[in-house]
Amino acid sequence: MEKSILTNYSFHPEAEQELIESVNYYNDCEPGLGHDFSIEVYAAICRVIAQPKAWQILRHGVRRSLVSRFPYGVLYYIEKNEIVILAVMHLSRKPNYWKKRKK
């Protein structure tokens, strides 16, 4: 597998909001758990940056990297020289909601 030269990434505005809401949810469940969640999401993003084509395409170039310890996936696609994070998705809820975000 080839190494990535992509280092830039950005969040779709709704994906960023999902991340914030999920961090807040986990902090409400247990103080510090939201921080743990954010670390695991960042680790998933780092794996994507390191090898963006390592994950299977779900639909229209969108791929999913799973988040360790939590039932979430980071959905992303590659656009020019950037990784665009389309969703920080809970794996057991509304599986297709993110499809409208990618034009």
Which of R63, R47, R93 moves most in a GNM of the chain, Cα contacts under 10 Å? R93
Fully extended, how many nm does the chain gain between I39 and K100 (0.36 nm per residue separation, minus their Cα-Cα distance)? 19.2 nm
Calculated from DSSP H runs of 4 or more alone, at -39500 (n - 2.57) each and per residue, what is the 222 nm mean residue ellipticity of the chain, nearest 500? -11500 deg cm²/dmol
Check each of the GluC sites (Glu not before Pro) in segment 1-88 and keep only those in coil by DSSP with at most 16 other C-beta atoms within 10 angstrom; list them in order. E2
Less than 12 Å from a label point 7 Å out along the Cα-to-Cβ axis of E30: which backbone N atoms in segment 61-78 qualify, by residue? 70
Average projected area [Cα convex hull, the chain], square nanometres: 6.4
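Values quoted throughout were computed directly from the atomic coordinates according to the rules given, and no laboratory measurement underlies them. All of these numbers come straight from a predicted model, not from anything done at the bench. When we count neighbours, we look across all protein chains shown, and the Cβ atoms used for this are built from the backbone with ideal geometry, even at glycine.
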